[in-house]
């Protein structure tokens, strides 16, 4: 029996669809669920009982990642169908030389994901070249940040991240868009905020302008964030959530830690297995760099690089410093910035409250978590305080805990000293950012401090004796001072090994 060209084109579409589905190891029911269709409809299209529609072809192409083959078969069918009706003036745009499935929304033409490890911190930089293959302007882009300290032990990871939650303040998320040759900062807005998982919308706008990504346009975005080693497990995973033409992953690790790297992948049609191509290693300038890439990865595939340090750093998250380790090394291992860092000599940035209340809460949460870590390394019988610059955050926030461990810590936002007693005394002070030494520091016996609430209102609190000293110490940090700046000329510092009052409260 003779068939028409349209029927043959529809048969070719159905055959291509069926072949690609089988190659992906998907049942008709699974494909239908991913496409958002009833399973019987997929069965009818493959059985030639229903003709393909444009929407069906777009979704099938996006889900099966057929490198344009399904869409081309549909276009061949559609060309013949349109030839029958001169009244129908709508025609689909021609397929560009570099194929992109129209109507599927954003396409990632190239992604480069880089992760580097230095000074106990992981820095992640993601760069994506995007193409709008849809029919509407794109004004925002969803990104996810997830950490898993112990990927092989979910219960342990959950407990760890409940006690040490990931915060937006520590992420220091920054995003940019290369818009017509101009590098524009992108504002962002929170979507989900959980202990070990964050989602944000990157906005194609900033305080000065908006720059939507219109249909048919291309743009490159870049975003970067940081996570301390105490929260980042030794793995870096990329998930393919949009049609992607090329994906490249890079690791940059210290060579002296002797990193060993391997990779695994999973997909809709296969269990976890090794990467199909090897990870390439280069060594240069004391760094070990690992690179891996793939072309046209299927949707929902996951690629993960894992590593182990044969010579782990002395500041590994779960390690306790060896006997004899310097006190400053212990503090550094807990994430405390040490003397000599520029940040400790710069005035902290004031919060704009209540507009930046969420950021302020993030900063305070990280300060509390850091105090928990240092408590494991040293007893603080005199009380203890910590300012945001000491954990690498240039914000005007500090947390001060009295000597009484049952007392509630004092939170100081945008503090300033408004009055102090003329009477002073001298006591030895230590500093978490300079913990190898102790110094004799004069301080007022009473300090009146104006500081802010979360809602922006302000109050004045009076502190006396030990609390006055602790608060004064932390406010100095927020103004870019260290206690050594308060010491009398010629008074020497005392090495902590020679200091005889450890564990003894100040005397008043």
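The numbers here are math on the coordinates, done by the rules we state, and not lab data. The shown structure was predicted, so the numbers you read here are calculated from the model rather than taken from an experiment. Glycine gets a Cβ as well: all are built from the backbone with ideal geometry, and neighbour counts include every protein chain shown.
For the reader, a short list of remarks on this structure follows.
- Cα-only radius of gyration and Dmax that characterise the stretch 398-497, units Å: 14.0, 45
- Fewest-first ranking of 12, 267, 4, using other Cβ atoms within 10 Å as the exposure measure: 4, 12, 267
- Over all Cα atoms in the stretch 191-236, the spread is summed up by Rg and Dmax: 15.3, 43 Å.
- Here is how the number arises for the chain: DSSP H runs of 4 or more residues each give -39500 (n - 2.57), the sum is divided by the residue count, and the result at 222 nm is -7000 deg cm²/dmol.
- Percent of Cα-Cα distances greater than 28 Å, calculated over the stretch 106-309: 30 percent
- Counting DSSP beta bridges with both ends in the stretch 327-495, the antiparallel % (nearest 5): 95 percent
- Of all DSSP beta bridges in the chain, antiparallel share, percent nearest 5: 95 percent
- Distance from the stretch 347-385 to the stretch 153-170 (C-alpha centre basis), Å: 17 Å
- Measuring how big the stretch 327-495 is from its alpha-carbon positions, Rg and Dmax come out at 15.1, 46 Å.
- Exposure proxy ranking for 74, 176, 122, based on other Cβ atoms within 10 angstrom of each Cβ and starting from the fewest, stands as 176, 122, 74.
- log₁₀ of I(q)/I(0) at q = 0.06, 0.11, 0.12 Å⁻¹ - the chain, Debye sum with one point per alpha carbon: -0.41, -1.01, -1.13
- The ranking of 391, 6 from fewest to most other beta carbons within 10 Å of each one's beta carbon is 6, 391.
- P(r) weight above 21 Å for the stretch 5-83, C-alpha pairs, percent: 16 percent
- Rule-of-thumb Rg ratio for the stretch 373-417 [Cα; 2.2 N^0.38 Å; N residues]: 1.21
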